[in-house]
Amino acid sequence: MSTFSAPKGTYDLIPPDSADFLAVREAISAPLRRAGYGYVETPGFEQVELFARGVGASTDIVTKEMYTLTTKGGDELALRPEGTASVLRAALQANLHRGALPVKLWYSGSYYRYERPQAGRYRHFSQVGAEALGAEDPALDAELIILAVDAHRSLGLRNVRLLLNSLGDAACRPAYRAALQDFLRGLDLDEATRERIEINPLRVLDDKREAVQRQLTGAPLMRDHLCEGCAAYHEQVRTLLTAAGVAFEDDARLVRGLDYYTRTTFEFVHDGLGAQSAVGGGGRYDGLSEMIGGPALPSVGWALGVDRTVLALRAEGVTLPTPSPTDVYAVPVGEEARGVLFGVLTELRRAGVAADFAYGGRGLKNAMKSAGRSGARYALVLGERDLAEGVVQLKDLHSGEQAPVALSSAVAEIRAKLS
Ligand code: ATP
Ligand code: MG
């Protein structure tokens, strides 16, 4: 222990567990890369105003969860709480929307929210996300959902459920919103929720409290108010998902709740995670670009939580294959052998063989123990006499067999044996 520990609500990724986080990021991004999504990386902080407008001034993220700071120069910045607003800002700044559409981007990184820490809910967490900017096409919504499902499948997750809904658009949402407000104003709700009815009524449907949920039984639902265009669009998304063998549950209460979120909305949930069940979510946000000062740019995207995906793997007892990080463990005996064997080690690595070395001048017995613990297939032992004879001992740590090989051809021979 040092005097310091990781800040509240954060944790460190430490081997061997950290390998799962890398594997999850890789598994989520691989299907995206195959589908033409390009990697985008934005700063860890942005102007507060970008998130206030791009996430929504009435959301929990902006009202309670943002880490904000004033720089010495007087700029108001926030650590990024999510990825979409930054990615859209970056795409607009680089004029990507003037080129071929849709612009397809993926990202991976750290996000920060000042939340009450619990299992699966942290103040620093990581997401992999994808955004497809500048096209309104049900096949694009379906593509993104399918890519997320394929990521879950490739990880071996079996119990992720997909919840699906449509939030309508500028044509049909206003009338629905008014009908919902009428209904909500008649309920017994606390002051904060009453305020929410006026700013962001759809969010009330998402209230997790039992006392609120109980009163929502007869609430009007968007799906009964969709205009013809939205209903047809949603039906096409559903048909494409079904054709791709993707199961989903229609969830008429699923909302994103902001005016610039439109049509397709979805969430991935896992039942093995307790209250923090969402492993990812996304949807169409046709009005967001205009909210941050850009042109009309209908878009769709999602973000998957890496931390909760790792927890879901653990909940299902899935262990990811971790290839042995070391194939060969080199053990020198004596100073001269040490220098020569270190050279062989470097050569092995440059030839693509995962290899490690008995550092720290331990005795042979101790070093061989380390070789065993490393998980290596072979130990490469070089003593004074071997050196004099121009050989090195190659020991198969599985069978225990040991044989001398010529020092000059050791690398080639090991490569042949491992392939
Ligand atoms: P929740 O309802 O659990 O608060 P959210 O709607 O705030 O989730 P999004 O903003 O949609 O979450 O973020 C996408 C994903 O990022 C979530 O589904 C979740 O897996 C992950 N995530 C969000 N907040 C956290 C957090 N504080 N700690 C760990 N993972 C998180
Ligand atoms: Mg949240």
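The values are calculated or read from the model by the stated rules, or taken from the named source; none is laboratory data. The structure presented is a predicted model; accordingly, all values stated were derived computationally and were not measured. As a convention, Cβ positions derive from the backbone with ideal geometry for all residues, glycine included, and neighbour counts pool all protein chains shown.
Tell me, which residue of region 38-70 that is among the hydroxyl-bearing types (Ser, Thr, Tyr) and either more than 15 Å from the chain's Cα centre (by Cα) or within 16 Å of ligand 1 (Cβ to nearest atom) (or both) is surrounded by the fewest Cβ atoms within 10 Å (Cβ to Cβ)?
The qualifying residue surrounded by the fewest Cβ atoms within 10 Å (Cβ to Cβ) is Thr70.
Checking the condition more than 16 Å from ligand 2 (Cβ to nearest atom) and in contact with a Ser or Thr (Cβ under 7 Å, 6 or more places away or on another chain), which residue from Val40, Val48 passes?
Among Val40, Val48, only Val48 is more than 16 Å from ligand 2 (Cβ to nearest atom) and in contact with a Ser or Thr (Cβ under 7 Å, 6 or more places away or on another chain).
List pairs: first residue in region 347-364 and touching a residue at least 24 places away in the same chain (Cβ under 8 Å), second residue in a loop (DSSP other than H, G, I, E, B) and of a type in the set (S, T, N, Q) anywhere in the structure, Cβ distance under 6 angstrom, at least six positions apart or on different chains.
Ala354/Thr326; Asp356/Thr326; Asp356/Ser374
When residues of region 120-145 are filtered for being within 10 Å of ligand 1 (Cβ to nearest atom) and not polar (S, T, N, Q), how many remain?
Qualifying residue count, region 120-145: 8.
Table: residues versus (1) surrounded by 16 or more Cβ atoms within 10 Å (Cβ to Cβ); (2) outside the structural domain of Gly56 (by TED's automatic domain parsing).
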residue: Val279; (1), (2): yes, no
residue: Tyr285; (1), (2): yes, no
residue: Glu290; (1), (2): no, no
residue: Val300; (1), (2): yes, no
residue: Val306; (1), (2): yes, no
residue: Val333; (1), (2): yes, yes
residue: Lys369; (1), (2): no, yes
residue: Ser374; (1), (2): yes, yes
residue: Leu380; (1), (2): yes, yes
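Residue by residue through region 314-368, note down the ones that are of a type in the set (Val, Ile, Thr) and assigned to a helix (DSSP H, G or I).
Val340, Val344, Thr346, listed by residue number.
Being buried (at least 16 other Cβ atoms within 10 Å of the Cβ), within 16 Å of Arg284 (Cα to Cα) and in the same structural domain as Met291 (by TED's automatic domain parsing) is the requirement here; does Leu202 meet it?
On the way: buried (at least 16 other Cβ atoms within 10 Å of the Cβ): yes; within 16 Å of Arg284 (Cα to Cα): yes; in the same structural domain as Met291 (by TED's automatic domain parsing): no.
Considered against the rule, which asks whether it is buried (at least 16 other Cβ atoms within 10 Å of the Cβ), within 16 Å of Arg284 (Cα to Cα) and in the same structural domain as Met291 (by TED's automatic domain parsing), Leu202 comes out as no.
Go over the candidates Leu240, Leu226 one by one and state the one that is farther than 22 Å from Thr84 by Cβ and buried (at least 19 other Cβ atoms within 10 Å of the Cβ).
Numbers: Leu240 fails: buried (at least 19 other Cβ atoms within 10 Å of the Cβ).
Result: Leu226 is the single residue among Leu240, Leu226 that is farther than 22 Å from Thr84 by Cβ and buried (at least 19 other Cβ atoms within 10 Å of the Cβ).
Kindly provide the set of residues from region 111-155 that are away from ligand 2 (no atom under 16 Å from the Cβ), surrounded by fewer than 19 Cβ atoms within 10 Å (Cβ to Cβ), over 16 Å from the mean Cα position of the chain (by Cα) and not charged (D, E, K, R), ordered by number.
Ala135, Ala139
Inside region 241-264, can you point out the residues that are within 16 Å of ligand 2 (Cβ to nearest atom) and either under 20 Å from Asp150 (Cβ atoms) or in contact with a Pro (Cβ under 9 Å, 6 or more places away or on another chain) (or both)?
Gly257
Six or more apart or on different chains, Cβ atoms under 8 Å: show the pairs whose first residue is in region 97-124 and farther than 25 Å from Pro298 by Cβ and at pLDDT 95 or above and whose second is among the acidic types (Asp, Glu) and within 16 Å of ligand 2 (Cβ to nearest atom).
Arg113/Glu65; Tyr114/Glu65; Glu115/Glu65; Gly120/Asp307; Arg121/Glu115; Tyr122/Glu115; Tyr122/Asp307; Arg123/Glu115
Go through region 258-307 residue by residue and tally those that are in contact (Cβ under 8 Å) with a residue 60 or more places away in the chain and in a helix (DSSP H, G or I).
Looking only at that region, the number is 8.
With the requirement that a residue be closer than 25 Å to Asp206 by Cα and without any contact (Cβ under 8 Å) to a residue 12 or more places away in the chain, what does region 22-56 give you?
The answer is Ala52, and nothing else.
Could you grab me the full set of residues in region 371-401 that are in contact with a strand residue (DSSP E or B) (Cβ under 7 Å, 6 or more places away or on another chain) and assigned to a helix (DSSP H, G or I)?
Of everything in region 371-401, those that are in contact with a strand residue (DSSP E or B) (Cβ under 7 Å, 6 or more places away or on another chain) and assigned to a helix (DSSP H, G or I) turn out to be Ala371, Asp386.
What's the number of the only condition in (1) under 30 Å from Thr68 (Cβ atoms); (2) of a type in the set (Gly, Ala, Ser); (3) not assigned by TED's automatic domain parsing to the domain that holds Asp271 that Ala178 fails to meet?
With respect to (1) under 30 Å from Thr68 (Cβ atoms); (2) of a type in the set (Gly, Ala, Ser); (3) not assigned by TED's automatic domain parsing to the domain that holds Asp271, Ala178 is out only on (1).
For region 54-106, give me each residue that is part of a loop (DSSP other than H, G, I, E, B), within 16 Å of ligand 2 (Cβ to nearest atom) and closer than 19 Å to Thr42 by Cα.
Once the filter is applied, which keeps residues that are part of a loop (DSSP other than H, G, I, E, B), within 16 Å of ligand 2 (Cβ to nearest atom) and closer than 19 Å to Thr42 by Cα, region 54-106 yields Val55, Met66, Tyr67, Arg80, Pro81, Glu82, Gly83.
Pull out all pairs, ordered by first then second residue, where Cβ-Cβ is under 7 Å, the residues are six or more apart or on different chains, the first lies in region 227-238 and is of a type in the set (Ser, Thr, Tyr), and the second is surrounded by 13 or more Cβ atoms within 10 Å (Cβ to Cβ) and part of a helix (DSSP H, G or I).
Listed by first residue and then by second, the contacts come to Tyr233/Pro138.
Any residue in region 327-349 that is of a type in the set (Phe, Trp, Tyr) and within 30 Å of Val24 (Cβ to Cβ)?
Yes.
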